[in-house]
Each structure stands twice: as C-alpha cells, then as structure tokens.
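A.B. asks: Structure provided below as structure tokens; questions to follow.
The values are calculated or read from the model by the stated rules, or taken from the named source; none is laboratory data. Everything quoted here is computed from the prediction, not taken from an experiment. No Cβ is skipped: glycine too gets one built from the backbone with ideal geometry, and neighbour counts run over all protein chains shown. Keep in mind that these areas ignore ligands, DNA and RNA; they rest on the heavy atoms of the full protein, side chains included. Shrake-Rupley method; radii C 1.70, N 1.55, O 1.52, S 1.80 Å.
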Amino acid sequence: MKKFFERLTEKRILVSDGAWGTELFKCGLRAGECPELWNEQNKEEVFAIAKSYIDAGSDIISTNSFGGSPVKLSHYNLQSKAYELNKTAAEISRQAAGDKLVMGSVGPTGKFLMSGDISSDELIESFSIQVNALLDGGVDAILLETFYDIDEVECAVKAVRNFPEVPLICSFTYDRNAIGEYRTMMGSTPKDVLKAMITLGVDVIGVNCGSGYHNMIDLVKELRDYSHNIPILVQPNAGLPETIEGKIVYSETPDVISDSVKRFLSIGVNIIGGCCGTTPEHIKIIRNTVDKFLSNQ
C-alpha cells in the first residue's frame, strides 16, 4: 500500500482515468442493466476500457465497481455476488494497469441514514464486503467517489479502516446554488466536508462529477484555500450532457478542457482525470498538459 504514497510523492501530480459508465454504454451497456455484472459477462470490454486509459497516459485507473456494494447490488438481486464481482473488477484493472496504480471505486448506496432507510452497521458491513474484495483483487487504494452525505462517508471510512494502512481517497460531488455557493445534495459546504474528512483521517480529498471542468475551478480553489496540505483529486464531467439527434453529447470536448486543466494545476491539485463523458482522448490532453506543467517547474 506504500506504493500509492511513494508514487504520489515521486511524481507530484498523477493523471487518473476518465469515465467508466459512459464508456460502458458505448460498448453496449443498456439503461437499467448492472454495470458490475459486465466484470463477469463482458470481461474483454471492461479490460479494454481500463487499458485504453493506461494507453492514453493514466498513472492510476479505477475499477468497474462504483455500484458494487451489496446494498446497491440488491437492486438487481445480485447482493450475494458482491465479493466476486468486486474482486474481478479489481483483477481486470490490475491486469490492464501493469506497473501503474489501481484505485478501487466505491460509490454511495443511495440509502439515507437520516430517513431510516438503513442503519450505520448495515452500511459498514456492506462497504466492508466491497472493500475487502477490491483489496483481494489487487487495488493500491480505495476511492470513495460521488458521495454527497458526510454521514454515509463516515460509515464507508470505518469500513476501509478495518484494513490498516489502505490509502483512502474520498471525493464528493457539489452543485452551485443561485447565489454561487457550492453545496452537496445534503447541504454541506466544501469547508464542512473538508473539516470532516480531515477529522476522519482521509488521505486525499476529491471533487468529481459536477457540471464540467470550467465550472469546477472556483470549487477547487475554495478547497485549496482551506487547506494547503491535503492532496486534492479532481475528476470533473465533460460538461453537462445534451441529447442531440438521439445521442447524449457532452459539451467539453478534449480540445476545450486544456485551459481549465492548466488552472487546476496552478491551484495545486495532485490527481486529475475525468468523470462522466470524459474519454481516453481527454486523458491524452490532461497527460500532455501535466507533463508540460511539470517540465516548467
């Protein structure tokens, strides 16, 4: 597990991967199908996505396991296969990564503690099964991504800490309100989140999804202004999706994001990639921009 920290210290800025969901849809995943089941039934396609990001220049890739917790998989009556599907997801990305890093993707369950949908113990147990499988499959770090509820993240962090010394990245998603303030869906500010994550001992704080690279610059600056020390991961969407001639299109094409990536690097991000709508072509742009930035330091 020291490999993650050593690589981050050595390289200073790591390039992560891009979208998984939108790439799976390009390969034939249908709405309403379980993406994690592809780890078992369509291994070659999942491997190809992971390898495409490595070939594009990623230093670190994630796994096709975002919805792989037993709680989330219960929507497809696949909760009994949680360990197997997550372990296979990790093994696929591990094979594609070679000597590069792999972070195990863990997403929210969609259940809310405050409404009594689920208990803390149930969440911890569910996340523990998923994390254990990802670690057994060979990941170098755990990525809690696209979270919006600090309470749920606290349960996920407790699950990860059952496995000592595992590098932990925790990424939240925010929207900007009418007066320009960033808030999670549960109403937490970036400062609220940052303070909570530091208290929980998270190793890297992240932001992902959102409405695009350009619209995330102020949010990342806000986080960096609150803390000059904690590493920051940034993985924005490629803009907002639009439906054009029956196809979903994202506005921030690879050639559009370069200036925003430069801004992120000047702010002081440590890991940068993409979320929904981003492709290996976006990662190539990010790779080139990071390399030029580092060569001028």
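A.B. asks: Are any residues in the stretch 1-57 among the aliphatic types (A, V, I, L, M), part of a helix (DSSP H, G or I) and within 22 Å of SER69 (Cβ to Cβ), and if so, which ones?
C.D. replies: Result: LEU24, LEU37, VAL46, ILE49, ALA50.
Let's see how each residue does on (1) in contact (Cβ under 8 Å) with a residue 40 or more places away in the chain; (2) within 18 Å of the chain's Cα centre (by Cα); (3) open to solvent by 10 Å² or more (accessible area, probe 1.4 Å):
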site: LEU37; (1), (2), (3): yes, no, yes
site: ALA48; (1), (2), (3): no, no, yes
site: GLY57; (1), (2), (3): yes, yes, yes
site: SER69; (1), (2), (3): yes, yes, no
site: ALA82; (1), (2), (3): yes, no, no
site: GLY98; (1), (2), (3): yes, no, yes
site: LEU101; (1), (2), (3): yes, yes, no
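A.B. asks: Report the residue count in the stretch 112-144 for those that are buried (at least 19 other Cβ atoms within 10 Å of the Cβ), touching a Leu at 6+ places or on another chain (Cβ under 9 Å), outside any helix (DSSP H, G or I) and not β-branched (Val, Ile, Thr).
C.D. replies: 4
A.B. asks: Can you say whether ILE150 is of a type in the set (A, V, I, L, M, F, W, C) and open to solvent by 10 Å² or more (accessible area, probe 1.4 Å), as far as the supplied structure shows? Spell out the reasoning first.
C.D. replies: Numbers: of a type in the set (A, V, I, L, M, F, W, C): yes; open to solvent by 10 Å² or more (accessible area, probe 1.4 Å): yes.
Judged against the criteria, ILE150 is a match.
A.B. asks: Considering only the stretch 197-214, how many residues are within 22 Å of PHE66 (Cβ to Cβ), open to solvent by less than 40 Å² (accessible area, probe 1.4 Å) and not hydroxyl-bearing (Ser, Thr, Tyr)?
C.D. replies: Count: 10.
A.B. asks: Turning to a different aspect of this structure: Pick from SER93, SER52: which is within 30 Å of GLY246 (Cα to Cα) and open to solvent by less than 50 Å² (accessible area, probe 1.4 Å)?
C.D. replies: Criteria check complete, one pass: SER52.
A.B. asks: State whether the residues of the stretch 194-206 include one that is hydrophobic (A, V, I, L, M, F, W, C), part of a loop (DSSP other than H, G, I, E, B), without any contact (Cβ under 8 Å) to a residue 60 or more places away in the chain and touching a helix residue (DSSP H, G or I) at 6+ places or on another chain (Cβ under 8 Å).
C.D. replies: Yes, the stretch 194-206 contains at least one residue that is hydrophobic (A, V, I, L, M, F, W, C), part of a loop (DSSP other than H, G, I, E, B), without any contact (Cβ under 8 Å) to a residue 60 or more places away in the chain and touching a helix residue (DSSP H, G or I) at 6+ places or on another chain (Cβ under 8 Å).
A.B. asks: I've got another one for you. Looking at SER74, SER65, SER126, can you tell me which residue is among the small types (Gly, Ala, Ser), free of Cβ contacts under 8 Å to residues at least 40 places away in the same chain and closer than 28 Å to VAL193 by Cβ?
C.D. replies: After ruling out the rest, the residue left standing is SER74.
A.B. asks: Hey, can you tell me all the residues within the stretch 164-185 that are open to solvent by 70 Å² or more (accessible area, probe 1.4 Å) and of a type in the set (A, V, I, L, M, F, W, C)?
C.D. replies: ALA178, ILE179, MET185 - these are the residues of the stretch 164-185 that are open to solvent by 70 Å² or more (accessible area, probe 1.4 Å) and of a type in the set (A, V, I, L, M, F, W, C).
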